[in-house]
Each structure stands twice: as C-alpha cells, then as structure tokens.
1. Would you work out which of Gly192, Gly173, Ser209 lies farthest towards the positive end of the dipole of region 148-225, given +1 charges on the beta-carbon of Lys and Arg and -1 on that of Asp and Glu, about the Cα centre?
2. Using the beta-carbon distance between Asp271 and Thr118 and R0 = 41 Å, what value does 1/(1 + (r/R0)^6) give for FRET efficiency, to the nearest 0.05?
3. Treating the beta-carbon of each Lys and Arg as +1 and of each Asp and Glu as -1, no other charges, what is the dipole magnitude of region 260-315 about its Cα centre, to the nearest 20 debye?
4. Gain in length, Tyr187 to Glu285, computed as 0.36 nm per residue apart minus the alpha-carbon separation, to one decimal in nm?
5. Restrict the search to region 178-235; then list the trypsin sites (Lys or Arg not before Pro) that DSSP places in a loop and that have at most 10 other Cβ atoms within 10 Å of their Cβ.
6. Order of 69-75, 102-108, 302-308, 165-171 by packing, highest average Cβ count within 10 Å first?
7. Given bins 10 angstrom wide, list per bin the percent of all Cα-Cα distances in region 246-307, short to long.
8. Taking the Cα centre of region 149-277 as the origin, how large is its charge dipole in debye, to the nearest 20, when only Lys and Arg (+1) and Asp and Glu (-1) carry charge on their Cβ atoms?
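Read the figures in this text as sums done on the coordinates, not as results from a lab. From a predicted model like this one, the values you see are computed outputs, not experimental measurements. Here the Cβ is made from the backbone with ideal geometry for all residues, glycine too, and neighbour counts use every protein chain on show.
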Amino acid sequence: MSPIKTSFISLIIIVSMGVAVAGKTHVIDFRWPNLYPEGMAWDPLAQHFIVGSLNHRTIHSVSDAGVVETLISDPTLPENVTVLGLTVDFTKNRLLACLHSVSPLPPFNALVAYDLRTRRRLFLSLLPSDPDSPIASIGRGRDVANDVAVDFKGNAYVTNSVGNFIWKVNEEGEAWIFSRSPAFSRYPSVMGENEPFNDCGLNGIAYVSKGYLLVVQSNTGKMFKVDEENGKARIVLLNQDLVMPDGIAIRRDGVVSVVSTQKLWFLKSDDSWGEGVVYDKTALEEEGFATSVVVGEEGRAYVLYGHVMEGINGKEREGFKIVEVRSERESGEEHVWIYVLLGLGLAYFLIWRFQMKQLVNNMDKKIN
C-alpha cells in the first residue's frame, strides 16, 4: 500500500475517532450520604471540582472519575450551617465559600476563606444586614448570602438573594455593603407569590477582567452589569429573558453560561455586555435540580445536579452528578470543520489517484 493511501486511511480513522469522542459528554457520578451540594467551583491548579453541602459543615473535592474527598471540615462553624456559593481565587490559592443558616436557626450570613494548600481558615467575615432594606422594614424574609465571585486583587463579591444587594469583602476579610443599586429593584418578579423561591433575587455572579461583574436575578430573569469600582449597575439588554436563572460562569472567549433547573443558556456580547444574545440553550434533567455551572478543563461547561429540593424536603440520598453540557450549535460547527477536513483529504486522494493513473498510462505508451 502506498504511503499516500496509508495516510488517507489513517486520516479517516482519526477523524472518525474524533467525531465519536466529540459526541460523548463527560458524566461524573459521585456518592456521599446526604451531601446535597448547591454550589460548585473548579480548581484549575488541582484539576478537580469543589462542592459544598446543604447539611454538613464540610467542603469536598470531586475528581473527574467521581472520587470524593473531604477538602475542608470545619466544626467551629455554626451547627447546621449551609455552604452555598463557592469560588476559587487561583491567584492566591484560596477557596471562598458563602455560609447561610436556614430558618428556624438564628440568622447567619458569612464569607469564609481557606488556604487551599494548608487547608487552614484565613478568615470568617460576618456579612452586615442593611437596616434600610425592605425586608428589614416589613419584617419579611432574611438575608441570604448566595453566590460569590473574586477579582484579581482578592476582593470578593457576594450576592444577597433576598436583600437584593451585593456585599464586598477585601483580602483581609473586611466586609461591607458594596452595591444596593436601584436597578436591582426596578423590575417586578415574574413568579407567583406562592411559588418556591419567589423572593430569590440576585443570585449567580461572575467577575469579568475588564472591570465589572455580571449578575443574574432569579425572580425577574434579568442580568445586570455592575462596575467593580463604584457598584453602579445597569441592565444587560438580552434578546430574551432567562427563566429562574441561578449560577453563571464565563469562558475565556467571553461566552457566558447561565444555568437554571431546566436549561443551560449560552450567551455572548459584542459590546462588553451593554447588550447580549442568547445564541443557544440546552435542556437539563429537571429531577436533578441543577443549581451551579462552572467552566472546567478545555473550556467545557459543567452543571451540578445536587438534588437540593430533596434535601430541603428532608429526603435522604447518596448519589449526585456533575455533567458536561455542550452547545448543540457549537458542536455542529465543530463537526462541520471535521467533515470539511475529511472532504479535503478525499479530494486530495482522488487527485493523486488520477495523477498516478495518468502517469502509468504515459509510461505504458513509452514502453510500447
């Protein structure tokens, strides 16, 4: 067999394997009794996921093979505290976690920081309430420290889902109310008064290196752009509202993923998020109650199926999942390029066959 023919056959095999691998998503099954994780982060240095817990004062790592290890166990935290949003400050090798106590426990909201190398606690910052907040004046609801993002200076930004404002915590653990923008209360809730989480406002938050934050609001479906210096916020104009958005994550190429219990949306913007476009969405398994999304290795989006509603309702469970979710539109574009490459290879092979046939014919004529 000629070298060119061998190369062409090898190309077909490689492309076919690439298509097969590209079509298979990564599913990570992991087990831990009654963990019910709501928040998830990706540690790019250790190359594993990190999840919190609805019921335990612990934080766990999950490998890509589903091996679970206790990363942080802190018995000095208040009993029955819930670990919600998480993020890894990879520039300082720290883990930041939102802590919240659920009624009827006494109110408690804090941000805790741990050194990921020594696993030693660096600080525990109590997050102050806003005495002028509507929930304080009417005596309804309680603050909820829900999600956290961190900038390159080590400043953390924490969303208050019921109070509808953002805390800021500096590298030393000093905390204050950073943004109570009127934009956060400008839009009415689209949820019924008796629906679960109808008072859940600001939720997922992500930091953009250009100097601002992107925040989603669950009960209105809106997204906001918040200046990191002064906390001024304005709405991001989208081509469609998001339905009960929860977690948010940003890829290196600027694509934003937003998760709800039903869908993962893929968004992009050409003007630094003055406006944005939902260019694709993928249906999720509703039973798993997805609450968090991260960008893992090679820019892949992963959602957490933590079955949180089962935990809230007092059920028991051991099995949970982290699942890679892809944009069907992007996957289709990737496959087009694979087939273009295959087509070019086939064309090259046919041209070579034609040239070789001509060469053989010419040699036969000279011999005869």
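1. Selected residue: Ser209.
2. After rounding, the FRET efficiency stands at 0.45.
3. Working: 5 positive and 10 negative charges, 33 e Å.
Once rounded to the nearest 20, the dipole reads 160 debye.
4. Details: separation 98, 0.36 × 98 = 35.28 nm, distance 2.89 nm.
Full-extension gain reported as 32.4 nm.
5. For trypsin sites (Lys or Arg not before Pro) across region 178-235 that sit outside H, G, I, E and B with at most 10 neighbouring Cβ atoms in 10 Å, the list reads Lys210.
6. On the way: 69-75: 14.0, 102-108: 11.3, 302-308: 25.9, 165-171: 20.7.
For the peptides 69-75, 102-108, 302-308, 165-171, the packing ranking is 302-308, 165-171, 69-75, 102-108.
7. 24, 52, 22, 2
8. 220
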